[in-house]
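What follows draws every value from the coordinates through simple rules; no lab data is involved. Bear in mind that the values here come from a model prediction, so they are computed numbers and not experimental data. Heads up, the Cβs are rebuilt from the backbone with ideal geometry, glycines too, and the neighbour counts pull from every protein chain shown.
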Amino acid sequence: MYGFYFDQTLCNGCKACQIACKDKHDNPIGVNWRRVVEYTGGSWQVDGETARPNVFSYYTSMACNHCEDPICVTVCPTTAMTKREDGTVYVDQSKCVGCRYCEWACPYSAPQFNAQTGHMSKCDLCYDYRQTGQDPACVDACPARALDWGPIEELRAKYGDQNAFEPLPDPSITRPNLVIKPHRDAQPFGHGTGFIANRQEI
C-alpha cells in the first residue's frame with residue numbers, strides 16, 4: 001500500500017507541488033488534485049503594559065491520501081471509484097457518470113469534478129510515472145523536499161505515524177495513508193484555534 005509523507009517544517013507554501021501536478025495532468029481551471037492549505041491564527045499577548053503578537057502560520061500540502069477505508073469507493077454507485085492492488089484509488093472513466101457523490105463524501109475533497117469531461121478526476125499517485133520508475137510529479141517538484149512517497153509501512157517506519165493535525169479532518173474517518181512531520185506550531189485535530197487563510201484557493 002502506497003502513501004505520502006509531508007514535512008510541515010520544510011514547506012513554505014510555494015505551491016510548486018500544486019503547479020507541477022496541474023501541469024502534468026493538464027487539469028482545467030478549478031480542478032486541483034493537490035492543494036496547499038495555509039492555516040493561521042493567534043492573538044495578542046499582554047505583559048504588563050506591553051502587548052506583542054503571538055501568532056502562527058503553517059502550510060499543509062495535500063492530495064488524495066489513498067485511504068485504507070476510502071469513503072469515495074464506498075459511496076460510488078457505479079463502482080467507478082476503485083482501489084488498485086497497490087492500494088491507490090483511481091477513477092474508471094468508462095464507469096463514472098459524474099454524480100459527484102465521491103466528492104461530497106471525501107473529507108479531503110480529493111475527487112474533483114471535471115466539467116470538460118463530465119466525470120470525476122483525482123490523484124492516482126502518478127500511476128504512469130510509477131510504472132517507469134519515476135517519482136510522482138509533486139514529489140519531484142518540491143524545492144524544499146517536503147514531500148516523499150512510497151510503501152506506507154516504510155514511510156511510517158522512517159517518519160512515524162502522525163497525521164492528525166489541523167486543518168485536516170479526523171483521520172479515523174478514512175484511515176489515510178499519510179504521514180506528517182508536524183510544524184512546531186501545528187495544532188492537533190479537534191483543538192485548532194486558527195482558520196484557513198486561503199480558502200478561495202482550495
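Amide H of Gly98 versus every other amide H placed in the peptide plane: which residues, excluding those fewer than 5 positions away on the same chain, fall under 5 Å?
Amide H neighbours of Gly98: Met120.
Could you list the GluC sites (Glu not before Pro) in the range 49-103 that lie in coil according to DSSP, counting only those with at most 15 other Cβ atoms within 10 Å of their Cβ?
Counting only loop positions with at most 15 other Cβ atoms within 10 Å, the GluC sites (Glu not before Pro) in the range 49-103 are Glu49, Glu68, Glu85.
So what J values fall out for the range 166-179 if you push phi through Karplus, 6.51 cos²θ - 1.76 cosθ + 1.60 with θ = phi - 60°, rounded to Hz, Gly and Pro as x?
5, x, 6, x, 4, x, 5, 5, 10, 6, x, 8, 9, 10
Would you kindly work out the equivalent ellipsoid of the range 82-135 from its C-alpha gyration tensor and give its semi-axes, the square roots of five times the eigenvalues, largest first in whole Å?
21, 13, 10
If the convex hull of the alpha-carbon atoms of the chain is projected onto planes in all directions, what is the mean projected area in square nanometres?
Average of the hull's projected areas for the chain equals 12.3 nm².
Step by step: find N for the range 38-106, compute 2.2 N^0.38 Å, then divide the Cα radius of gyration by it. What's the final number?
After normalising by residue count via 2.2 N^0.38 Å, the value is 1.92.
What list of ³J(HN,Hα) values in whole Hz, one per residue of the range 68-75 in order, does the Karplus curve 6.51 cos²θ - 1.76 cosθ + 1.60 (θ = phi - 60°) give from phi, with Gly and Pro shown as x?
With coefficients 6.51, -1.76 and 1.60, one gets 5, 10, x, 5, 4, 5, 5, 8 Hz.
Classify the range 108-152: rounded, prolate or oblate, from the alpha-carbon gyration tensor (a ≥ b ≥ c, eigenvalue square roots; a/c under 1.5 rounded; otherwise prolate if a/b is larger than b/c)?
prolate
Anything over 27 Å Cα to Cα? Flag those among Lys22/Lys158; Lys15/Lys122; Lys83/Lys158; Lys24/Lys83, in the order listed.
Those over the limit are Lys22/Lys158.
Provide the gained length on full extension for the span Thr50 to Gln162, in nm with one decimal, where the gain is 0.36 nm per separating residue minus the Cα-Cα distance.
Here the answer is 36.6 nm.
Rounded to the nearest Å, what's the spacing between the alpha carbon centres of the range 96-129 and the range 148-176? Just the number, please.
Each part's Cα centre sits 21 Å from the other's.
Report the charge-dipole magnitude of the range 1-143 in Debye, nearest 20, computed about the Cα centre from +1 at each Lys and Arg Cβ and -1 at each Asp and Glu Cβ.
Here the range 1-143 has a charge dipole of around 360 debye.
Counting each DSSP H run of 4 or more residues in the chain as -39500 (n - 2.57), what helix-only mean residue ellipticity at 222 nm follows after dividing by all residues, to the nearest 500 deg cm²/dmol?
Taking each H run of at least 4 residues, the total per residue is -4500 deg cm²/dmol.
Under the Cβ-under-4.7 Å rule, which cysteines of the chain stay unpaired?
Cys11, Cys14, Cys21, Cys67, Cys76, Cys96, Cys99, Cys106, Cys126, Cys142
Please turn the phi angles of the range 144-151 into ³J(HN,Hα) values with the Karplus equation 6.51 cos²θ - 1.76 cosθ + 1.60 (θ = phi - 60°), one per residue in order, whole Hz, x for glycine and proline.
8, 6, 7, 10, 8, 8, x, x
Could you line up Ile202, Ile180 from fewest to most neighbouring Cβ atoms inside 10 Å?
Fewest-to-most ranking of Ile202, Ile180: Ile202, Ile180.
Between Ile173 and Thr82, what FRET efficiency follows from the Cβ-Cβ distance if R0 is 22 Å, with the result rounded to 0.05?
0.65
Find the eigenvalues of the gyration tensor of the Cα atoms of the range 121-202, then list the square roots of 5 times those eigenvalues as equivalent ellipsoid semi-axes, largest first, in whole angstrom. Walk me through the numbers before you get to the answer.
Values: eigenvalues 123, 54, 36 Å².
So the equivalent ellipsoid measures 25, 16, 13 Å along its semi-axes.
How many nm separate the modelled label positions at Glu68 and Ser109, each set 7 Å beyond the Cα in the direction of the Cβ?
It works out to 2.7 nm between the two label points.
Could you identify which residue out of Lys122, Lys158, Lys15 has the top mean-square fluctuation in a GNM of the chain using Cα springs shorter than 10 Å?
Sorting by GNM fluctuation, first place goes to Lys158.
Extension gain Phe189-Tyr127, at 0.36 nm per residue separation less the Cα-Cα distance, in nm? Display every interim value, and only then the final one.
On the way: separation 62, 0.36 × 62 = 22.32 nm, distance 3.04 nm.
Residue separation times 0.36 nm, minus the Cα-Cα distance, leaves 19.3 nm.
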